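S.K.: The structure that follows is given in the form of structure tokens.
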Amino acid sequence: MAFTNTVARYASFGTIQSIPGEVIDSFWYIIDNNLKGVFILENTINFELMNNHGALSVRFSQDDDPETSMVIDFNYEFDNDWPRLFHAVDNMGRETIMTRMEM
């Protein structure tokens, strides 16, 4: 099962350039506190940034399991200039957050 044997965690150059570190940290928070042990995670999972009345909400989903998704709300201010879709990829324990264009 992916995201269970973490060796190292990274964010791609495109991710670091496009969103604040607090938002990147929110992806790891969701994985560690809301997904691990709850869902069977694929090697690539999706995160969609959403505007929730000016605040950030993050929607988790997986391509092979379209029935399962979860939205987590944060107190971070949403920025309309942010890309909307990011992916977390587990490559044998090396986990990376990347933009859609970097996939």
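S.K.: At a threshold of 8 angstrom on Cα-Cα distance, excluding pairs fewer than six apart, so keeping six or more, what relative contact order does the range 3-103 reach in percent?
M.R.: Result for the range 3-103 is 36 percent.
S.K.: Still on this structure, please answer the following. What FRET efficiency, computed as 1/(1 + (r/R0)^6) with R0 = 25 Å and r the Cβ-Cβ distance, is obtained for I40 and M101, rounded to the nearest 0.05?
M.R.: Plugging the Cβ-Cβ distance into 1/(1 + (r/R0)^6) gives 0.35.
S.K.: Follow-up question, since we're still on this one. Modelling each spin label as a point 7 Å along the Cα-to-Cβ direction, I'd like the V71/Y10 distance in nm, to one decimal.
M.R.: That separation, rounded to one decimal, is 3.3 nm.
S.K.: Hey, another quick one. Return one whole number: the accessible area per residue of the chain in Å², for a 1.4 Å probe.
M.R.: With all protein chains present, the chain gives 58 Å² per residue.
S.K.: Taking θ = phi - 60°, what integer Hz values does the Karplus form 6.51 cos²θ - 1.76 cosθ + 1.60 yield along the range 69-78, in sequence order, with x for Gly and Pro?
M.R.: For the range 69-78, the Karplus-derived couplings read 8, 8, 10, 10, 8, 10, 8, 6, 6, 7 Hz, x marking Gly and Pro.
S.K.: So, one more: Out of all DSSP beta bridges in the chain, what portion is antiparallel? Express it as a percent rounded to 5.
M.R.: 85 percent
S.K.: If you roll a 1.4 Å probe over the chain with all protein chains in place, what percent of the accessible area is carbon or sulfur?
M.R.: 48 percent
S.K.: When the helix-only estimate is applied to the chain (DSSP H runs of n ≥ 4, each -39,500 (n - 2.57), divided by the residue count), what is the mean residue ellipticity at 222 nm, nearest 500 deg cm²/dmol?
M.R.: Helix contribution divided over all residues of the chain: -4000 deg cm²/dmol.
S.K.: For the range 41-53, take each phi angle, set θ = phi - 60°, evaluate the Karplus expression 6.51 cos²θ - 1.76 cosθ + 1.60, and give the result in whole Hz per residue in order, putting x for glycine and proline.
M.R.: Rounded to whole hertz, the list is 8, 7, 5, 10, 10, 10, 10, 10, 7, 10, 8, 10, 6.
S.K.: How large is the convex hull of the C-alpha atoms of the chain per residue, in Å³?
M.R.: Dividing the Cα hull volume of the chain by its residues yields 95 Å³.
S.K.: Add +1 for every Lys or Arg and -1 for every Asp or Glu among the other residues with Cβ under 12 Å from the Cβ of E48, and state the total.
M.R.: With Lys, Arg at +1 and Asp, Glu at -1, the neighbours total +3.
S.K.: If I model a spin label as a point 7 Å beyond the Cα along the Cα-Cβ vector, how far apart are those points for N51 and N80 in nm?
M.R.: 0.5 nm
S.K.: Tally Lys/Arg at +1 and Asp/Glu at -1 over every other residue whose Cβ is under 14 Å from the Cβ of D65; what's the total?
M.R.: Around D65, the charge tally is -3.
The values are calculated or read from the model by the stated rules, or taken from the named source; none is laboratory data. Remember, it's a predicted structure, so these values are computed and weren't measured experimentally. Cβ: placed from backbone, ideal geometry, glycine included. Neighbour counts: every protein chain shown. Remember, those area values only see protein heavy atoms, side chains included, never the ligands or the DNA or RNA. Shrake-Rupley method; radii C 1.70, N 1.55, O 1.52, S 1.80 Å.
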